[in-house]
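Participant: Below is the structure I would like to discuss, written out as structure tokens.
The values are calculated or read from the model by the stated rules, or taken from the named source; none is laboratory data. These figures come from a predicted structure and were not determined experimentally. FYI the Cβ positions are ideal-geometry reconstructions off the backbone, even for glycines, and counts take in every protein chain you see. Side chains included, ligands, DNA and RNA excluded: accessible areas come from the protein's heavy atoms. Shrake-Rupley method; radii C 1.70, N 1.55, O 1.52, S 1.80 Å.
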Amino acid sequence: MTFTYTNPATPTPNPALISDQARIDFWARQARDRLTWGRPFSDRKAHSFSKPQSLGTDEQGIENFTVPEIKWFEDGTLNVAYNCLDRHVEAGRGDKVALYFEGEPGDRQTITYAQLLRRVAQAAHGLEKLGVTKGDRVVIYLPVIPETIIFTLACARIGAIHSLVFGGFSAEALRFRVEDTGAKVLVTTDGQNRRGKVVPVKAIADEACSGENQIEHVIVVDRTSTSAQERAAVPWTQGRDIWYQDLIEGLPESHDYQLFEAETPLFIIYTSGTTGKPKGLVHTSAGYLTQTAYTHALLFDLLPEFEDETGARRVDELASVNDLAKVEGTVHWCTADLAWVTAHTYEIYGPLLNGVSQVIYEGTPNTPSFERHFEIIERYGVTNYYTAPTLIRSLMGAFPQGPEPGKFDLSSVRLLGSVGESINPEAWRWLRTHVGGGSASFIDTWWQSETGSAVCSPRPHDAQFAPAGTFPEGTPHTTPKPGCANRPIPGVSVRVVDEAGQPVAPGVQGFIVVDKIGPSMARTVWGNPARYLDSYWRHYGERGWFLAGDGAKLDEEGSVYILGRIDDVINISGHRLSTIEIESALVTHEAVVEAGVCPVEDDLTGHQAVAYVTLSEAGRALSADELRAVLTEHVRREIGPIAKPKDVVAVADIPKTRSGKITRRLLGQLYQGQELGDCSSLQNEEALGAIARVLAGR
Ligand code: ATP
Ligand code: MG
């Protein structure tokens with residue numbers, strides 16, 4: 001498909017949506033058009049937001065506030081699973097592929113919407129048989145397999161609250177989530193395929209359920225046992241545990257759904273824990289689905305195009321319905337683990353609500369080799385490839401010049417996306433050149449577990465992705481801006497402000513706040529409303545701005561650049577520097593594959609930066625002293641003398657959360673020999689010990 005790129009029909013800020021009423025009307029229209037309702041909601045109840053109210057100041061001089069309450073489409077009812085599945089089947093699209101599943105060992109399944117619906121129906125009956133009802137919590141501790149999506153939707157179908165936990169988590173991390181949610185049922189597997197090996201999982205699940213909890217049943221999906229003997233060897237608690245196959249045996253393949261109120265909790269998602277103990281954010285049904293369906297259509301290029309008077313094709317960002325022609329031409333692939341919020345929104349709910357076909361892949365990108373993703377793109381004709389900066393950097397490390405020329409046909413790719421961390425311009429260019437054929441659109445989506453779906457992002461139809469010369473000079477959003485989250489989506493507004501809430505000048509780092517929220521905002525922290533207030537709303541008090549916790553700056557055109565977490569800012573002699581900027585500079589050097597920079601205390605300057613790097617072949621050829629010399633000089637040249645790292649530590653692996661985020665907090669603690677905080681979210685905990693050994697051996 002060829003695109004004619006045009007000036008976006010609605011430059012931001014979108015004047016049509018400046019007033020609160022217009023914004024609410026916009027979302028109400030999206031909700032009505034994109035979702036199928038049981039009882040429609042009324043205009044009067046489309047939205048309410050009780051902002052934090054001051055309760056006065058206590059003896060310590062601390063001002064207290066009420067906990068804000070957010071509601072969207074409150075008096076409407078719907079069924080979430082019906083919206084993801086049944087309605088597509090009823091509309092005659094049951095044979096459309098919902099999932100192309102590829103397992104790590106190479107097993108494959110193609111599952112249509114009609115087949116997925118039947119499997120969800122059976123699983124819903126299965127959960128009901130175990131006594132699960134509306135409001136009960138179900139923890140889903142599974143890898144990326146169809147059953148994960150099946151149980152997620154089965155919970156949604158019966159009004160139970162799902163909480164997905166990354167399959168690679170330890171017993172401790174799982175225990176915390178099982179206990180914190182008070183779950184009644186846990187769904188797990190016998191084992192998992194991980195980097196070419198089968199690893200047992202059930203014993204970990206058992207350990208996680210060994211303390212004080214509410215678990216009544218553990219459902220076990222057979223993923224790795226190949227014989228009756230192997231199944232018999234899986235640790236088992238009689239009466240509590242049940243094989244998935246036994247649970248659904250003989251259950252009907254259709255299930256009458258119930259309607260639930262719009263604000264019925266849908267899931268609890270734990271933040272990745274980069275900054276501390278994970279928070280269990282609660283998302284509810286209709287509001288979450290509305291912004292999810294809309295942003296999935298807007299950002300993954302499903303919105304209808306029209307021809308303007310000059311014959312050029314345009315996209316109307318405020319359009320309500322999907323153009324099925326575009327849905328037909330799309331093969332979506334979001335590479336995130338299903339337990340991460342990215343996958344909830346753009347791998348489970350968004351694609352299914354919009355009826356597209358998508359790939360889900362169980363394994364790691366380097367099994368059996370780093371070419372796995374290229375193979376998958378080619379095999380399924382992936383059009384939209386949505387992934388994380390860390391993954392892009394590792395592909396870039398493995399293939400600095402891109403995949404072997406002519407070996408893979410990646411020509412289906414027309415849209416690239418990244419999320420989870422700021423993407424450095426090098427990685428942006430590498431991916432667009434070598435996977436996106438030099439011309440794919442690139443959405444850098446900024447959002448969080450808290451916001452539920454995308455808040456800021458370039459649009460796939462922006463002028464910056466058009467061939468040079470397509471647009472007259474001065475057209476908005478013309479300049480390519482690698483690593484820029486660009487501007488808010490319609491119906492949401494953000495500001496970049498200082499401590500006191502005053503706007504900062506272009507180029508100056510401030511805090512990003514969402515001053516007008518969309519319907520997918522998290523409603524509370526599970527079991528801890530005070531933490532919801534304290535973490536996100538207290539800072540700007542009665543203004544009712546959501547403090548995202550990230551630093552950001554605006555450029556002269558008003559485009560938003562995300563500079564990482566506020567906690568990751570380094571204050572050197574009064575200059576505020578973002579660790580991400582220093583990392584971005586480091587990875588432009590040929591010696592470096594990946595960099596993690598953290599602040600450490602310094603008597604003289606307040607703080608100094610310390611850089612941890614993983615090395616390319618060129619880097620490994622250097623001695624430690626040479627490496628330090630070339631890299632500090634490189635940062636000096638790229639950013640300035642103030643940013644020069646005080647130390648450079650070469651390591652084999654940088655500790656990351658399951659969602660691929662560098663835990664700079666732990667890097668700092670390691671360097672300063674401090675006690676390490678919460679490590680339960682790490683995907684590679686062994687990296688900590690390895691770094692400690694490197695530091696001790698110097
Ligand atoms: P915790 O809140 O427990 O520390 P977390 O913030 O890592 O965990 P998530 O909600 O999964 O948990 O991640 C959201 C964060 O990821 C954002 O606040 C931001 O720091 C970062 N992020 C996401 N997308 C982008 C992006 N496109 N550019 C820059 N940073 C991003
Ligand atoms: Mg966060």
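Participant: Could you tell me whether region 608-629 includes any residue that is part of a strand (DSSP E or B), closer than 27 Å to F399 by Cβ, more than 16 Å from ligand 2 (Cβ to nearest atom) and of a type outside the set (A, V, I, L, M, F, W, C)? It would help to see each step written out before you state the result.
Facilitator: Quick first cut of region 608-629, residues part of a strand (DSSP E or B) only: 608-615.
Narrowing the set further to residues that are closer than 27 Å to F399 by Cβ leaves 611-615.
Cutting the leftovers down to more than 16 Å from ligand 2 (Cβ to nearest atom) gives us 611-615.
Imposing the further condition that a residue be of a type outside the set (A, V, I, L, M, F, W, C) reduces the set to 612, 614.
Taking every residue of region 608-629 in turn, at least one turns out to be part of a strand (DSSP E or B), closer than 27 Å to F399 by Cβ, more than 16 Å from ligand 2 (Cβ to nearest atom) and of a type outside the set (A, V, I, L, M, F, W, C).
Participant: A further question follows. Taking K553 as the residue in question, decide whether it is within 24 Å of E63 (Cα to Cα) and within 22 Å of the chain's Cα centre (by Cα).
Facilitator: Working: within 24 Å of E63 (Cα to Cα): no; within 22 Å of the chain's Cα centre (by Cα): yes.
When the stated conditions are applied, K553 does not pass them.
Participant: Any chance region 501-521 includes a residue that's within 16 Å of ligand 1 (Cβ to nearest atom), on the phi > 0 side of the Ramachandran plot, open to solvent by less than 10 Å² (accessible area, probe 1.4 Å) and modelled with pLDDT of 90 or more?
Facilitator: Of the residues in region 501-521, the ones within 16 Å of ligand 1 (Cβ to nearest atom) are 509-514, 517-518, 520-521.
Right, trim to on the phi > 0 side of the Ramachandran plot and you get none.
No.
Participant: Suppose we filter E230, E172, E261 for residues that are more than 30 Å from K45 (Cβ to Cβ) and modelled with pLDDT of 95 or more; which single one remains? Write out each step before concluding.
Facilitator: On the way: E172 fails: modelled with pLDDT of 95 or more; E261 fails: more than 30 Å from K45 (Cβ to Cβ).
It is E230.
Participant: When you check T605 against the structure, is it within 16 Å of ligand 2 (Cβ to nearest atom) and either over 29 Å from the mean Cα position of the chain (by Cα) or in contact (Cβ under 8 Å) with a residue 24 or more places away in the chain (or both), yes or no?
Facilitator: Numbers: within 16 Å of ligand 2 (Cβ to nearest atom): no; either over 29 Å from the mean Cα position of the chain (by Cα) or in contact (Cβ under 8 Å) with a residue 24 or more places away in the chain (or both): yes.
Criteria not met by T605.
Participant: Moving on. Give the residue that is surrounded by the fewest Cβ atoms within 10 Å (Cβ to Cβ), with candidates limited to residues of region 100-117 that are farther than 22 Å from W243 by Cβ and in contact (Cβ under 8 Å) with a residue 12 or more places away in the chain. Talk me through it step by step, then tell me what you get.
Facilitator: So in region 100-117, the residues farther than 22 Å from W243 by Cβ come out as 100, 102, 106, 108, 110, 112-114, 117.
Applying the additional criterion that residues be in contact (Cβ under 8 Å) with a residue 12 or more places away in the chain yields 100, 102, 110, 112-114, 117.
On the way: Y100: 22, E102: 21, T110: 12, T112: 18, Y113: 24, A114: 17, L117: 26.
Across region 100-117, the extreme among qualifying residues is T110.
Participant: Kindly evaluate V120 against the criterion of being β-branched (V, I, T) and either under 21 Å from L247 (Cα atoms) or surrounded by fewer than 19 Cβ atoms within 10 Å (Cβ to Cβ) (or both).
Facilitator: Numbers: β-branched (V, I, T): yes; either under 21 Å from L247 (Cα atoms) or surrounded by fewer than 19 Cβ atoms within 10 Å (Cβ to Cβ) (or both): yes.
Judged against the criteria, V120 is a match.
Participant: Can you name every residue in region 448-474 that is hydrophobic (A, V, I, L, M, F, W, C) and either within 25 Å of I376 (Cβ to Cβ) or open to solvent by less than 10 Å² (accessible area, probe 1.4 Å) (or both)? It would help to see each step written out before you state the result.
Facilitator: Just the residues of region 448-474 that are hydrophobic (A, V, I, L, M, F, W, C), to begin with: 454-456, 463, 465-466, 468, 471.
Those that are hydrophobic (A, V, I, L, M, F, W, C) and either within 25 Å of I376 (Cβ to Cβ) or open to solvent by less than 10 Å² (accessible area, probe 1.4 Å) (or both): A454, V455, C456, A463, F465.
Participant: In region 604-661, what count of residues is obtained for those that are surrounded by fewer than 17 Cβ atoms within 10 Å (Cβ to Cβ) and among the aromatic types (F, W, Y)?
Facilitator: 0
Participant: For region 400-423, how many residues are out of contact with any Leu (no Cβ under 9 Å at 6 or more places or on another chain) and either of a type in the set (S, T, N, Q) or assigned to a helix (DSSP H, G or I) (or both)?
Facilitator: Going through region 400-423 one residue at a time, the tally reaches 3.
Participant: State whether the residues of region 428-438 include one that is of a type outside the set (F, W, Y), crowded, with 20+ Cβ neighbours inside 10 Å, within 25 Å of V525 (Cβ to Cβ) and away from ligand 1 (no atom under 15 Å from the Cβ).
Facilitator: no
Participant: Determine if region 235-242 includes at least one residue that is in contact (Cβ under 8 Å) with a residue 40 or more places away in the chain and within 16 Å of ligand 2 (Cβ to nearest atom).
Facilitator: The answer is no; no qualifying residue exists.
Participant: Here is a further query. Of all residues in region 599-653, which are out of contact with any strand residue (DSSP E or B) (no Cβ under 8 Å at 6 or more places or on another chain) and small (G, A, S)?
Facilitator: Listed by number, the residues that qualify are A618, A621, S623, A629, G640.
Participant: Are there any strands (runs of 3 or more DSSP E) wholly within region 267-360 with 1 or more residues that are open to solvent by 10 Å² or more (accessible area, probe 1.4 Å) and of a type in the set (F, W, Y), and if so which?
Facilitator: Details: elements: 280-284, 305-307, 313-315, 331-334.
Qualifying strands (runs of 3 or more DSSP E): 305-307.
Participant: For region 215-228, name all the residues that are exposed (fewer than 14 other Cβ atoms within 10 Å of the Cβ) and farther than 13 Å from D190 by Cα.
Facilitator: Initially, region 215-228 is screened for residues exposed (fewer than 14 other Cβ atoms within 10 Å of the Cβ), giving 226-228.
Across region 215-228, there are no qualifying residues.
Participant: Restricting to region 248-288, and then to whatever is within 15 Å of the chain's Cα centre (by Cα) and under 24 Å from R23 (Cα atoms), can you tell me which residue is nearest to ligand 2 (Cβ to nearest atom)?
Facilitator: H283
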